[in-house]
1. Roughly how big is region 53-175's charge dipole about its Cα centre, with Cβ charges of +1 (Lys, Arg) and -1 (Asp, Glu), in debye to the nearest 20?
2. Just the number: Rg to Rh for region 162-271, Cα atoms, Kirkwood Rh, two decimals.
3. How far, in nm, would the chain grow between residue 30 and residue 115 when pulled straight, counting 0.36 nm per residue and subtracting the alpha carbon separation?
4. For region 22-44, list residues with backbone N below 15 Å from a point placed 7 Å from the Cα of residue 62 toward its Cβ?
5. Determine the calculated [θ] at 222 nm for the chain from helices alone, applying -39500 (n - 2.57) to every DSSP H run no shorter than 4 residues and normalising by the residue count; nearest 500 deg cm²/dmol.
6. Give me the accessible area per residue for region 109-157, probe 1.4 Å, as a whole number in Å².
7. Note down the Stokes-Einstein diffusion coefficient of the chain in µm²/s, whole number, using a Kirkwood radius over alpha carbon pairs, 25 °C, and 0.890 mPa s.
8. Can you list the aspartates and glutamates whose alpha carbon sits under 13 Å from that of residue 266, skipping same-chain ones fewer than 8 residues off?
Amino acid sequence: MQKAEVTVVIPVYNREKYIENAIKSVQEQTYKDWKMIVIDDGSTDNSVQVIKPFRSDKRIQLVTLPRNQGIAKALQTALNMIRTPYFVIVDSDDWIIPNTLEVLLKEMKKQPESTSLIYGNTKVWQEKNGELKKIHVQKHRSFQDKYDLLLYNQMFYPRFFRTVTVRQVGGFKTDDPYEGRYAEDRNLLLRLIAISRFHWVDKNLYNLRKHSNNITKRENIKKFETVMRYVYTKVLKDWGNEYEPVFKVTKSGWLIIKELKKIIKKNNTEK
């Protein structure tokens, strides 16, 4: 093996049914010189027992947290352990295609150091009664600037990061009302794009599984709304307080920014 340049981070919470598939999809990569951190966030099912046999692969490290702390805290724990210049997150109920790491690494190496993130397109699958059916492909796009990303209402996968830049913006934050349990990805991406560039690869590289126990299930929508209002309002202030968000709730219940309204600042200079 050459020196590993990529760490695959798989955060896990009660995913005994899916985690094996996620890990195997990494083991089947055409690029072999990776490291993996599987970080279990206090699972109460048999997730850890399913993961343990994979430790015979010396590239794989299992970290078990004593209690459930939320995904941002779990990912920050993993970030502190990464010793490779790049890392990619694979959710424990999803999987990647065999050449994903090879494609992402090659693309990142073509980019200047100002590029902090490479991402591609996503195949979306619906699981029902134990069977998977492909729904569609989410084909993403490039972003003109940070405001363009702010108005983009889809989350994109896979996310292949430059480690040093993620650390530069403080990694995965927990200062929101739910301490990083929801929308931690959007929180990070908005802080990253304020200081760096993103690069889109027009290839299908990630498989996203929709099922009855996704974190985005209906009972969590209001929690996501609370967090996203907080994050959007905060980043706009951090970006110079030039715009205020005009929010809209979609028919499916999700909060989005309909538009950005220019803030007219009063001139307080006395005559």
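The values are calculated or read from the model by the stated rules, or taken from the named source; none is laboratory data. Bear in mind that the values here come from a model prediction, so they are computed numbers and not experimental data. Positions of Cβ are backbone-derived with ideal geometry, glycine not excepted, and every protein chain shown enters the neighbour counts. Side chains included, ligands, DNA and RNA excluded: accessible areas come from the protein's heavy atoms. Shrake-Rupley method; radii C 1.70, N 1.55, O 1.52, S 1.80 Å.
1. The calculated dipole for region 53-175 is roughly 240 debye.
2. Working: Rg = 17.0 Å, Rh = 16.5 Å.
With Rg and the Kirkwood Rh in hand, the quotient comes to 1.04.
3. Numbers: separation 85, 0.36 × 85 = 30.60 nm, distance 2.38 nm.
Result: 28.2 nm gained on full extension.
4. Correct set: 22-24, 36-44.
5. Working: 8 runs with 75 residues, N = 271.
It comes out at -8000 deg cm²/dmol, rounded to the nearest 500.
6. Numbers: 2870 Å² over 49 residues.
Spelled out: the 1.4 Å probe surface of region 109-157, per residue, equals 59 Å².
7. On the way: Rh = 19.6 Å.
Answer, rounded: 125 µm²/s.
8. 242
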